[in-house]
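Notes to accompany the following structure.
Readers should treat all values here as calculations from the given coordinates under stated rules, not as data from a laboratory. Please read these numbers as outputs of a predicted model, since none were measured by experiment. Because the Cβ atoms are built from the backbone with ideal geometry, glycine has one as well, and the counts that use them run over all protein chains shown.
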């Protein structure tokens, strides 16, 4: 596998990139009560966060439990409940959970999509029965009748429907599935379960720069991989929803550190990779991430006060965490890493 | 960013350690100048006189600039000092002979500098010339306002000027520049304040050699080059020791070898003062909150005394019949001597605004005179004001401001002392016919009261209150000298202020039995009568 950075000449994957990808790949699976927090400091601005996330993503391909399939029907029921009980009748002109004090994070528009019917929108129906755990949705009658068609899908059938604006939980077949070719070469010898290539996953999160999603995406776009047959842009490989039109499934959620919103309704991720010092500090303060492992990446060409803000946060963490650098090998010159593990006693 | 991350790592991989070439330059005259001024800064800093504190702050900034910017040795250095402090005589009058001695030494040193070139500028010229000769790419990191001082290094027609892109002024500039050979930094490496530079210079170098040119004694901040990650590791790398020749230190993940080169000589010009004291470090510590302050003891009997901050001007009485001004503000040990009396006012309701001047009544008088003098011969007025000790930097614009008619406030000098100088120079202090009664305070006091009222200041609040009360009591007591003598002759120790002076209360007279320096006491225990056995615990 070759790599090119900012359209420079193709070269073998350099040591610093290999280190970051491997670090993401080697990151231990989450262990309740053993939360880990790491911070890497880099000598310059870079796509380091994206590369660590890439390594972690490859690691998840090898775990049969890393998918959203099991909880999908429950997620649809929760979405339906929010829509019918709260959002549908909300009197605010614009969604604002803080003002409304509804307890939700984002609006539920009540709309579902299916890859089988790409031009149709399905709306959560009043006929949904939460006691019986039976979801119902409706769509315009194709025969032109006034009454909508209502469906009461089984959990299995509902697997082909997903919340509008979010990735589907899985593809029905391998058409549109991710290719394992690039991933196999990026982490040589990585175990990849083919089934995972057509399933989305919410357990890994990339938290973007505070300047907005575009800033993180742009820096990731500076890196391309190439094998004998084709080229791969880093944003495509990360499978973040909306970053690539060719990816139907998404195995990394994106947390927008500017708006402090996740790109989908998802439970707390196992691992959050935070891009930038400010993002790292923000992520540590987000309620939803309090149990998640966090790997922060920052560069050192920032103001002294900003360096100190990060240092003070790390010192505060040391009250409850101990250093855990066992997994670290030899660091490339210019990178420093601190890994903290929650104290058990 | 003009390079890729891979190029950055390649660059770091190529060198085992970066190199800091530290040129420490010494100069006897400059050393004498900075040491003298530093001592003045420290001495005035211990005062509770606002004017002294202001002078201390201004001098501190001046020295800091000289130590972090390659200024030329020219008349501007001397002028800056003289504009701040005034003449030698004025310095002695205001702050005593010890400050004057230091000031005179500084003045002499500044005069000496006029005849020599700055050795740090010579060193910079030589370093840059050599880099150019070797065709090395280099940058200069400095504050934007310091840039002209570098540009003038090559200002003669034969010189090749420094290109604009040679200069880096911010962490952003540094972040966005490409890789280069050498970085020139004048002054110590500091994260904040004068001469500040980004920590990235050491923890994220884009160059091979850091050429640092510093005045001798100016040390880098110990925590400069802070990497939050490396600093939080269990076994932080050893760092922080002052650089020695060929010392190797680690800053974050980057290693540096420091080579120190000394030049020039500074034998030390002020007795008892080390030549290696780092002014910038001293000034930084000055900003830290202090529990105790230096103080001078005025013993008022066998068992009691009063501690005063240094350079406090104490309201006092000189019983000597020959004394020209028996009541005055005196400095302990300088002009307040044994046998004199400390006067402590015990004032009830102070009626500083008791004079029934309408808003702007007195101001109309002095402002008219000011406008008249300013329009007749502005240069002459400014010259006379400066000679009298009104040394504001932008005096012209200040005068224009004071000429403005009263609005919601009366535009006037901020300090009473400046205001008095202004009135004295204008000649309106004692010739106002509108004074209603002869035993009333002088025009300057009345006009100042009017200004204060217009500013809405609380009469009984804060620091200025004491100065104002002392000033007003001084005025009153000056008219009561016979009564004071009579009181003392009858072995009395207090005097009730008669009615009609705008102040109700009395003054207590404490005879000075002795004066002793070298105490360090809590602020709350200054300027109050304490038992000597209590005071003894604060001996330095």
Review point. Which angle between 0 and 90 degrees, to the nearest 10, do you get for helix A:15-26 versus the longest principal axis of chain A when only C-alpha atoms count?
Key: 50
Check your understanding: What translational diffusion coefficient, in µm²/s and rounded to a whole number, does the Stokes-Einstein relation yield for the protein assembly as shown at 37 °C and a viscosity of 0.692 mPa s, taking the hydrodynamic radius as the Kirkwood radius over Cα pairs?
Key -> 97
Study note, to complete from the structure: To the nearest 10 degrees, the tilt of helix A:48-61 (Cα long axis) against the first principal axis of the alpha carbons of chain A is 60
Revision key, fill the gap. In terms of the alpha carbon gyration tensor, root eigenvalues a ≥ b ≥ c, rounded if a/c is under 1.5 and otherwise prolate when a/b exceeds b/c or oblate, chain A is prolate
Review point. For chain A, what is the mean residue ellipticity at 222 nm derived from helices alone (per DSSP H run of n ≥ 4: -39500 (n - 2.57); sum divided by total residues; nearest 500 deg cm²/dmol)?
Key: -7500 deg cm²/dmol
Practice item. Sort out for me the Cα centre separation of region A:299-345 from region A:55-76, rounded to whole Å. Key: 29
Check your understanding: Can you give me the Cα centroid spacing of region A:80-132 and region A:245-275 in angstrom?
Key -> 20
Practice item. Please sort A:69-81, B:192-204, B:39-51 by packing, taking for each peptide the average over its residues of neighbouring beta carbons within 10 angstrom, highest first. Key: B:192-204, B:39-51, A:69-81
Check your understanding: Which residue, A:125, A:174, A:46, tops the fluctuation ranking in a GNM of chain A built on C-alpha contacts under 10 Å?
Key -> A:174
**Study point:** For chain A, built as a Gaussian network whose Cα springs stay under 10 Å, the top-fluctuating residue of A:98, A:221, A:213
**Key:** A:98
Practice item. Could you pull the Cα extents of region B:7-66 along its three principal axes, largest to smallest, in whole Å? Key: 59, 27, 15
Revision key, fill the gap. Expressed in µm² per second, the diffusion coefficient of region A:205-298 from the Stokes-Einstein equation, with Rh the Kirkwood radius over alpha carbon pairs, at 20 °C and 1.002 mPa s, is 157
Exercise for review: Please determine, in degrees from 0 to 90 and to the nearest 10, the orientation of helix A:304-317 with respect to the longest principal axis defined by the Cα atoms of chain A, where the helix direction is its Cα long axis.
Suggested key: 80
